[in-house]
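The values are calculated or read from the model by the stated rules, or taken from the named source; none is laboratory data. Keep in mind that this is a model prediction, so the values were computed, not measured. Note that each Cβ is placed from the backbone with ideal geometry, even for glycine, and that neighbours are counted across all protein chains shown.
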Amino acid sequence: MIETEHLQKKYGDLVAVRDLSFKVESGQIWGLLGPNAAGKTTTMRILTGFLPATSGKAAVAGYDVFEQAEEVKKEIGYLPETVPLYPEMTVEAYLGFVAEIKQVPGARKKAAIDRAVEITGLSTVRKRLIKNISRGYRQRLGLAQALIHNPKVVILDEPTIGLDPAQIVEIRQLIKSLRGEQTVMLSTHILAEVTQVCDGVVIINEGQLMAAGRLDELTSAYREKDGVYLRLKKIDNESLNLFRQLPGIDSAARDGEEIRLEWDRNTDRREEVVRFCLDKQLGLLEMRSLALTIEELYLRIVSGGVEQ
Amino acid sequence: MKAIRSIIKKEFLSYFSSPIAYIVIFTFLLLSGFFFYSLVSWFNSVSVQLAQNPYYYQQININQMVFSPFFNNLSIVLLLMLPLLSMRLFSEEKKMGTEELLFTSPLSITQIITGKYLASLLILLIMLVLSAIPAVFTFIYGNPELVPFLVGYLGLFLLGAAFLGIGIFWSSISENQIVSAVLTFGTLLLFWVLSWVGYSAHGLWQSVLNYLSFFEHFDSLTKGIFDTTDLVYYLSFAFFGLFLTHSVIQSRRWR
């Protein structure tokens, strides 16, 4: 549904995006991650047809972004980083205007406004001037304008920025509700948002693709060791030494109130560990997998300079 | 066309949702009313004085004595007022970040520019129509010639259309509305006074400067003389302004 091939964008001598290739399947929600000035907004602007690329290819909903820009723009809903609002308009008049320029047929305009107002929870401020509504409502209105023409692809540049925790949860729920119906690509700085909302991520740094794929595939691919966290009734040096003597265990260390065991990622020692705990009567209370968090993944890829 | 209509509607309503349109229209009408009243008063007193001499009385012409200077005065007021109307057209979109909404919609750049330009022309039209209301009384109580009067107003409209064409171009350059207004005003003034330089020039250079000057083309229209050269001149100016606007927006996206 969204595809780029060797995309490049230069501003004079500055290369904002270089050789960027990725693919997002239909109906999925993908995150675009990267530090500040990584090229996220530029990539999104290219995909929406706001900026042309210097070279490379991009396609959205089956249309070439450069050759069939008008068709692409009909299929895309876009929420830029700065929510594009006219403060002197009412919420309803603004959505009416957006519906018109997004070429929603006249007969369906009212229904489109009603739907957008309903799904973004704007009914209480529908008749109010935009300059008089809160930041949270403005952000929702930005989402409403992106969704008003029921686009196949929705591109959201930092959709939860500046919102309070309750509003963030609401907006995330709203984005999650688009899964299946629409293909969503969102950029964010909040890594937890990615694990909660996204099916996959594209991680870029200095305009370059660092990693792209489904979250579970990436966390598994970037994990150097497999392992578990164990919670025991009592943790002491003796029990740690016992684990260290267990065949196949590369390391055993205390991590707060838990023991962290690591082994080669091509093997699975969980069953042996449980049996060992029971045999030695170590008082096993809990065991959980040593999964790579999105924060660890991100830091490993961006700060560690790992490239895939 | 429907898309252009949406832009016109939005722009037109935006003008009236801020004080700008009200202030510009009010000031324009106040000044035009003052000029018209002064000219009619002066015309009355001259008429009374000349009434004693039948020969001179025959020579009195309200079109030449009232309307022609009236149009000249209004042209200067337009030069001062119209940059205030055009300054927000693109500058504000850029500053508010709403240009991303417009340029990622299926509308073409041409449609967006046309819609915005037509909305500003509509405000100009309202200003001119309202300013013509006092003149209706001269037709009720006197016998001015209608055609030169209409040609004069057509001249004002064409002049305004050229001014707005230049204004929309400067508005596309800067996101600061004051900068757009000042640059528009400076450009208009420059083209206005080109004929002054033209008087001291010679040969081809003089012809070129005179041709480019707003003043030279407007003068004949105020006298009710319609020449297609003037029509072509003003329309070319307006289209050139719109063309430059298109080029600026297009090139900014390719930069």
Identify the residue in segment A:274-288 that is outside any helix (DSSP H, G or I) and in contact (Cβ under 8 Å) with a residue 12 or more places away in the chain and, among all such residues, is farthest from the chain's Cα centre (by Cα). A:LYS280
Kindly list the number of the only condition in (1) assigned by TED's automatic domain parsing to the domain that holds A:VAL197; (2) in a loop (DSSP other than H, G, I, E, B) that fails for A:ILE235. (1)
So A:LYS57 fits all but one of (1) touching a residue at least 12 places away in the same chain (Cβ under 8 Å); (2) touching a Gly at 6+ places or on another chain (Cβ under 9 Å); (3) of a type in the set (Lys, Arg); what number is the exception? (2)
Those residues that are closer than 17 Å to B:PRO69 by Cα and of a type in the set (Val, Ile, Thr), I need them from segment B:1-49; list them, please. B:VAL40, B:VAL46
Taking segment A:42-74 as the region of interest, how many residues are within 13 Å of another protein chain (Cβ to nearest Cβ), crowded, with 21+ Cβ neighbours inside 10 Å and assigned to a helix (DSSP H, G or I)? 7
One residue is enough: does segment B:20-36 have a residue meeting the conditions away from chain A (no Cβ under 14 Å) and in contact with a Lys or Arg (Cβ under 8 Å, 6 or more places away or on another chain)? no
Matching residues in segment B:230-255 (under 21 Å from B:LEU79 (Cβ atoms) and in contact (Cβ under 8 Å) with a residue 12 or more places away in the chain) number 13
Scan segment B:189-244 for residues that are at pLDDT 85 or above, farther than 15 Å from B:VAL151 by Cβ and in contact with a Gly (Cβ under 8 Å, 6 or more places away or on another chain) and jot them down. B:PHE237, B:ALA238, B:PHE239, B:PHE240, B:GLY241, B:LEU242
Can you run down the residue pairs with Cβ atoms below 9 Å, 6 or more apart or on separate chains, where the first is in segment A:260-273 and surrounded by 17 or more Cβ atoms within 10 Å (Cβ to Cβ) and the partner is of a type in the set (Asp, Glu) and outside any helix (DSSP H, G or I)? A:LEU261/A:ASP250; A:GLU262/A:GLU224; A:GLU262/A:ASP226; A:GLU262/A:ASP250; A:TRP263/A:ASP226; A:TRP263/A:ASP250; A:ARG269/A:ASP226
If I filter segment A:94-114 down to residues being more than 8 Å from chain B (Cβ to nearest Cβ) and among the aliphatic types (A, V, I, L, M), which single residue comes out as surrounded by the fewest Cβ atoms within 10 Å (Cβ to Cβ)? A:ALA107
Here the residues within segment B:41-59 that are under 18 Å from B:PHE137 (Cβ atoms) and touching a helix residue (DSSP H, G or I) at 6+ places or on another chain (Cβ under 6 Å) are B:PHE43
Residue that is surrounded by the most Cβ atoms within 10 Å (Cβ to Cβ) [pool: residues in segment A:78-93 that are in contact with a helix residue (DSSP H, G or I) (Cβ under 6 Å, 6 or more places away or on another chain) and more than 9 Å from chain B (Cβ to nearest Cβ)]: A:VAL91
Filtering segment B:197-222 down to residues that are in contact (Cβ under 8 Å) with a residue 12 or more places away in the chain and surrounded by fewer than 18 Cβ atoms within 10 Å (Cβ to Cβ) yields B:VAL197, B:ASN210, B:TYR211, B:LEU212, B:PHE215, B:GLU216
Here is a check on your reading of the model: is A:VAL15 of a type in the set (A, V, I, L, M), in the same structural domain as A:GLN167 (by TED's automatic domain parsing), closer than 27 Å to A:GLN173 by Cβ and surrounded by fewer than 22 Cβ atoms within 10 Å (Cβ to Cβ)? no
Sort out for me the helices (runs of 4 or more DSSP H) sitting completely within segment A:109-217 that have 3 or more residues that are β-branched (Val, Ile, Thr). A:165-177, A:191-197
A:ILE301 is checked against (1) more than 30 Å from A:PRO35 (Cβ to Cβ); (2) in contact with a strand residue (DSSP E or B) (Cβ under 7 Å, 6 or more places away or on another chain) and fails just one. What number does that condition carry? (1)
Is there a residue being of a type in the set (Gly, Ala, Ser), farther than 23 Å from A:SER26 by Cα and assigned by TED's automatic domain parsing to the domain that holds A:LEU156 anywhere in segment A:103-110? yes
For A:VAL201, are the conditions met, namely being at pLDDT 85 or above, within 29 Å of A:LEU147 (Cβ to Cβ) and surrounded by 18 or more Cβ atoms within 10 Å (Cβ to Cβ)? yes
Quick check, is A:THR82 of a type in the set (Ser, Thr, Tyr) and either assigned to a helix (DSSP H, G or I) or over 19 Å from A:GLY142 (Cα atoms) (or both)? no
